[in-house]
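Chemist: Input: one structure, supplied below.
The values are calculated or read from the model by the stated rules, or taken from the named source; none is laboratory data. This is a predicted model, so every value here is computed, not measured. In this analysis, Cβ positions are derived from the backbone assuming ideal geometry, glycine residues included, and neighbour counts consider all displayed protein chains.
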Amino acid sequence: MDDTDGWTHHGKVRAREDGGVLEIVVDGLTTQAKYYKPLIYEFFRKAWRGSRPTWGEFSVEIRMEYVGDPPWLDLDNLAKAILDAIKGYAFHDDAQVARLLVERHEGERERITVTVRKVSEAALTRPGEVRG
């Protein structure tokens, strides 16, 4: 369901697009990374009416926020589950992800925030580096 704040909500997942940036928020945490793939995939399948996937290179940032002790959850497994879930909606294939940042931080509530941006060649080039 669409809200007036620009977010599309479905269960524990909400997402919005703003200026070519896709933001996805999942409320709550579990130690089972495999839980997130069907949860996010179902959101996109049932509720998402935003843009379709495109080609090109993308930057994906995944931020896990926790309260208290950090959960026993491998960040690489979390990243894989989330990339698999958004494949076909944010981009065609996760091989299009040129930059991936996954981090864990203490926060005010337990949630996972995913930010997907299309990037240019210039944005991926380090100073003094030539891509080719």
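Chemist: Which number in (1) in contact (Cβ under 8 Å) with a residue 24 or more places away in the chain; (2) within 18 Å of Leu22 (Cα to Cα); (3) assigned to a helix (DSSP H, G or I) marks the one condition that Leu83 misses?
Modeler: Unmet condition: (1).
Here's the yes/no breakdown for (1) under 15 Å from the mean Cα position of the chain (by Cα); (2) farther than 19 Å from Arg104 by Cα; (3) modelled with pLDDT of 95 or more:
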site: Glu23; (1), (2), (3): yes, no, yes
site: Leu29; (1), (2), (3): yes, no, no
site: Lys34; (1), (2), (3): yes, no, no
site: Arg49; (1), (2), (3): no, yes, no
site: Glu57; (1), (2), (3): yes, yes, yes
site: Glu61; (1), (2), (3): yes, no, yes
site: Gly68; (1), (2), (3): no, no, no
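Chemist: Also, I was wondering about something else. Between Gly88, Gly28, Gly50, Gly19, which is surrounded by fewer than 16 Cβ atoms within 10 Å (Cβ to Cβ), closer than 16 Å to Thr115 by Cα and in contact with an Asp or Glu (Cβ under 7 Å, 6 or more places away or on another chain)?
Modeler: Gly50
Chemist: Look through Ala95, Ala81 and report the one residue that is small (Gly, Ala, Ser) and more than 17 Å from Lys118 (Cβ to Cβ). Before the answer, list the steps.
Modeler: Numbers: Ala95 fails: more than 17 Å from Lys118 (Cβ to Cβ).
Selected residue: Ala81, the only one of Ala95, Ala81 that is small (Gly, Ala, Ser) and more than 17 Å from Lys118 (Cβ to Cβ).
Chemist: Next question. Where residues in segment 103-114 are touching a helix residue (DSSP H, G or I) at 6+ places or on another chain (Cβ under 8 Å) and surrounded by fewer than 19 Cβ atoms within 10 Å (Cβ to Cβ), which of them is farthest from Phe58 (Cα to Cα)?
Modeler: Applying the first criterion (touching a helix residue (DSSP H, G or I) at 6+ places or on another chain (Cβ under 8 Å)) to segment 103-114 yields 103-104, 112, 114.
Subsequent filtering for residues that are surrounded by fewer than 19 Cβ atoms within 10 Å (Cβ to Cβ) retains 103-104.
Working: Glu103: 17, Arg104: 21 Å.
If we take residues in segment 103-114 being touching a helix residue (DSSP H, G or I) at 6+ places or on another chain (Cβ under 8 Å) and surrounded by fewer than 19 Cβ atoms within 10 Å (Cβ to Cβ), then Arg104 is farthest from Phe58 (Cα to Cα).
Chemist: Something else: Would you please name the residue that is nearest to Val25 (Cα to Cα), looking only at residues in segment 37-83 that are of a type in the set (Lys, Arg) and in contact with a strand residue (DSSP E or B) (Cβ under 8 Å, 6 or more places away or on another chain)? Spell out how you get there, then give the answer.
Modeler: First pass over segment 37-83, keeping only residues of a type in the set (Lys, Arg): 37, 45-46, 49, 52, 63, 80.
From the residues that got through so far, the ones that are in contact with a strand residue (DSSP E or B) (Cβ under 8 Å, 6 or more places away or on another chain) too are 46, 49, 63.
Working: Lys46: 16, Arg49: 16, Arg63: 10 Å.
Filtering first and then ranking leaves Arg63.
Residues checked against (1) in contact (Cβ under 8 Å) with a residue 12 or more places away in the chain; (2) surrounded by fewer than 17 Cβ atoms within 10 Å (Cβ to Cβ); (3) more than 18 Å from Thr113 (Cβ to Cβ); (4) out of contact with any Gly (no Cβ under 7 Å at 6 or more places or on another chain):
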position	(1), (2), (3), (4)
Lys34	yes, yes, yes, yes
Pro38	yes, yes, yes, yes
Glu42	yes, yes, yes, yes
Phe58	yes, no, no, yes
Arg63	yes, yes, no, yes
Tyr66	yes, no, no, no
Pro70	yes, yes, no, yes
Leu75	yes, yes, no, yes
